[in-house]
Amino acid sequence: MALAPTSNVPALYELKSATLTLIAVVLKSVDLDLLARELAEHLGKTPNFFSHDPVVIDLGAVRDEGVPDFAVLLPLLQQYKMVPVAARGGNDAQMDAALAAGLTEAPETTAPRGEPVEVVREVVKEVVKEVVREVPVPAAAATTVVVDKPLRSGQQVYAKGADLVVLAMVSHGAEVIADGSIHVYAPLRGKAIAGARGNTEARIFSTCLEPELISIAGIYRTMETPLPADIAGKPAQVRLEGEKMVMLPLNL
């Protein structure tokens, strides 16, 4: 019996690369007991903060040390709802151990060896978390992306190579990310990551600052420490002075 031709049958799947933004967990020591204590101190009050966000383990600062015990390290990060998907920057033994633990190898940054950059960077990988809304910006296009609809929990907007202007509320659990500055003319209650590729001149503006996390060029602050009274829920801007994050009220 002849088989029916299948050349005209639509494909049931496609293979595509996905350019996503990931947070780099930069290890400064392979002492995992010390790391566990520091994570508990910084994130113990918000154990679900990362909401299953994929992360890259950056080994650049410990490449001259021993091999981390990935059987301990991965569950430790997962305890705080991080999903380790890749490693980078380690020596041969460290990277071999990372691959054996099920991680993939992320592209290296342009930073010199031993000087890892704690920023959110792109990794071209298929990962667990789906980007609900990614905004591509062609090189010849304007350097500002405008979003005029509310962003719900689980949604993410990334303005690659551009500033981002949001004209509606950014809800808890939503993420706004830009290589430039972020302007939110509404309540900002989710995560805001400006200068995602290391732009220290980027800023974050909001008419109602109530974020879960704010970050500029890899320097971040969670809301474990309450915002000052003249900032919380009010018009404000966030910028860097060196490696210090500064928040100032806006007189609108």
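The values are calculated or read from the model by the stated rules, or taken from the named source; none is laboratory data. Just so you know, these numbers come straight off a predicted model, no measurement behind them. FYI the Cβ positions are ideal-geometry reconstructions off the backbone, even for glycines, and counts take in every protein chain you see. Calculation scope for accessible area: heavy atoms of the full protein, side chains included, ligands and nucleic acids excluded. Shrake-Rupley method; radii C 1.70, N 1.55, O 1.52, S 1.80 Å.
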Which ones in segment 198-252 are in a strand (DSSP E or B) and touching a helix residue (DSSP H, G or I) at 6+ places or on another chain (Cβ under 9 Å)?
T222
Of the residues that sit in segment 234-252 and are out of contact with any Lys or Arg (no Cβ under 8 Å at 6 or more places or on another chain), free of Cβ contacts under 8 Å to residues at least 40 places away in the same chain and of a type outside the set (D, E), which one is least open to solvent (accessible area, probe 1.4 Å)?
A236
Any idea which residue in segment 1-38 is modelled with the lowest pLDDT, counting only those that are surrounded by 10 or more Cβ atoms within 10 Å (Cβ to Cβ) and assigned to a loop (DSSP other than H, G, I, E, B)?
A18
From the option list A178, A217, A196, A229, single residue qualifying as out of contact with any Phe, Trp or Tyr (no Cβ under 8 Å at 6 or more places or on another chain) and either among the hydroxyl-bearing types (S, T, Y) or crowded, with 18+ Cβ neighbours inside 10 Å (or both) is A217
With respect to V117, determine if the residue is among the β-branched types (V, I, T), at pLDDT below 50 and part of a loop (DSSP other than H, G, I, E, B).
yes
S206: passes all of (1) under 23 Å from A40 (Cα atoms); (2) hydroxyl-bearing (S, T, Y); (3) open to solvent by less than 50 Å² (accessible area, probe 1.4 Å) but (1)
Exactly one condition in (1) free of Cβ contacts under 8 Å to residues at least 12 places away in the same chain; (2) open to solvent by less than 60 Å² (accessible area, probe 1.4 Å) is not met by A162; state its number.
(1)
Candidate set: segment 165-175, residues that are open to solvent by less than 10 Å² (accessible area, probe 1.4 Å) and in contact with a Gly (Cβ under 9 Å, 6 or more places away or on another chain); chosen: the one farthest from I231 (Cα to Cα)
A174
Filter segment 189-211 down to the residues that are touching a residue at least 60 places away in the same chain (Cβ under 8 Å) and out of contact with any strand residue (DSSP E or B) (no Cβ under 6 Å at 6 or more places or on another chain) and list them by number.
R197, G198
